[in-house]
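Asker: Before we start, here is the structure in question, set down as C-alpha cells.
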Amino acid sequence: MKRPLTHCALGLLTALLIAVSVGRFCVGRYAVATRAMQPSLRPGERIVVDKLHRHYAISRGAIVLFRSPHDGSALLLGRCVGLPGDTLSVTSSGYLIRGRLYPYPVDSPSVYRVPRDLRLSLLTLLCFLDIPVRHLTDDTAHFRLRLTPSEAGRVRQTLPLMLLPAPRPDPSAPHARFILPAARCPQRIDGISLRLCREALLRETRGHAAIRSGRLFIDGQPATTYTFREDYYWILSDNAAVAIDSRHLGPIPRSAIVGLVVGR
C-alpha cells in the first residue's frame, strides 16, 4: 500500500517541479495592469509570454515584457520599434525611426530657465514638493533644468514668476542622430549618447565611469567611444499618454527583456 502512495507522491512532485520550471524559464502568464498598450492589450487581459524567445532574434514590431532598467522589480509592456544598430533621429517633435515619427509623451520634461538669484529658493521648493532635479546647468544670467508640465504647474502655484520657458529648438535645425548600441560594436559618445545612455554606461562600467561637464570619463580618463557589452532596443508603448518606455528610460538592454508576448 505504501509503494503506490510513494509513486503517486513522486509523480505529483515531479509534475509540480516541471510546471514551476516551465512557468519560470519557458512560458509565463501575466495580467495586463495598465492602459499602456491599448488598443492592442487592455487592462485585465491575461497574456502568454514566451521566455525562451528572448534568447533568439527579437523582430521589429514585437510586443515584449521587460523590466525597467531603473527598477528591476517593475514589469512593463512595450513594442520593439528600434533594433541594435538602428539610427534614431532626435527632433524637436519626437523620435524618428526608419521614417516614422514617435512623438514625445504629453508629460515629458521641458527645459526651463530660472534667474540665478532664485536658485536656492527653487531647489528648496523642489525638495519640499518631492520633484527630482534633472539636468541642472548654468549659463550667464540663469540656470536651466528640466521639469514636466505637471511639475512646472505645481512650482508656479507657489512661485508664479520663478520659471521662464527656454527658447524652443528650431524645427528646421539638423536632427541629432543616435545609433542604438549593438554588442561588441564601438559607439561614439557625444552629448546625445550621454543623455540617452547615461544609466546604461554607468551600469555597464560597474562604477568605473563618471560623467562630468558633458563628457564621459572611464577610470579617470576621457573617453570618446565605448564598446557596449549588450544589444539595446528602443521599446515604446502604443498609448504614449500613460506609458513608461524608452522615451523615459532610454534604450532597453537585452538582459532586461523577459520575453515575447505570443498570445492571450
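Asker: Within the stretch 11-65, count every residue that is modelled with pLDDT of 70 or more and not polar (S, T, N, Q). Please lay out each step first, then the result.
Answerer: First, pick out the residues of the stretch 11-65 that are modelled with pLDDT of 70 or more: 26-52, 56-65.
Okay, now just the ones that are also not polar (S, T, N, Q), so 26-33, 35-37, 39, 41-52, 56-58, 60-65.
Final tally of qualifying residues: 33.
Asker: Moving on to the next point. Being surrounded by fewer than 12 Cβ atoms within 10 Å (Cβ to Cβ) and at pLDDT below 80 is the filter here, so list the residues in the stretch 98-116 that pass it.
Answerer: Passing the criteria: only V106.
Asker: Find the strands (runs of 3 or more DSSP E) located wholly in the stretch 183-264 whose residues include 2 or more that are among the charged types (D, E, K, R) and crowded, with 20+ Cβ neighbours inside 10 Å, and list them.
Answerer: On the way: elements: 186-188, 209-212, 215-218, 221-223, 225-227, 232-236, 257-263.
Because the criterion is at least 2 residues that are among the charged types (D, E, K, R) and crowded, with 20+ Cβ neighbours inside 10 Å, no strands (runs of 3 or more DSSP E) in the stretch 183-264 meet it.
Asker: Can you tell which of S150, S121 is open to solvent by less than 70 Å² (accessible area, probe 1.4 Å), part of a helix (DSSP H, G or I) and at pLDDT below 80?
Answerer: Every option except S150 fails the conditions.
Asker: Considering each residue of the stretch 28-59, count those that are touching a Pro at 6+ places or on another chain (Cβ under 7 Å) and open to solvent by 60 Å² or more (accessible area, probe 1.4 Å), and give that number. Even if it seems obvious, please write down each step before you answer.
Answerer: Residues of the stretch 28-59 touching a Pro at 6+ places or on another chain (Cβ under 7 Å): 32-35.
Next, from what is left, pick out any that are open to solvent by 60 Å² or more (accessible area, probe 1.4 Å): 33-35.
Residues flagged as touching a Pro at 6+ places or on another chain (Cβ under 7 Å) and open to solvent by 60 Å² or more (accessible area, probe 1.4 Å) within the stretch 28-59 amount to 3.
The values are calculated or read from the model by the stated rules, or taken from the named source; none is laboratory data. Note that the structure is a prediction, hence the values are computed from the model and not measured. Neighbour counts run over all protein chains shown; Cβ positions are idealised from the backbone, glycine included. Keep in mind that these areas ignore ligands, DNA and RNA; they rest on the heavy atoms of the full protein, side chains included. Shrake-Rupley method; radii C 1.70, N 1.55, O 1.52, S 1.80 Å.
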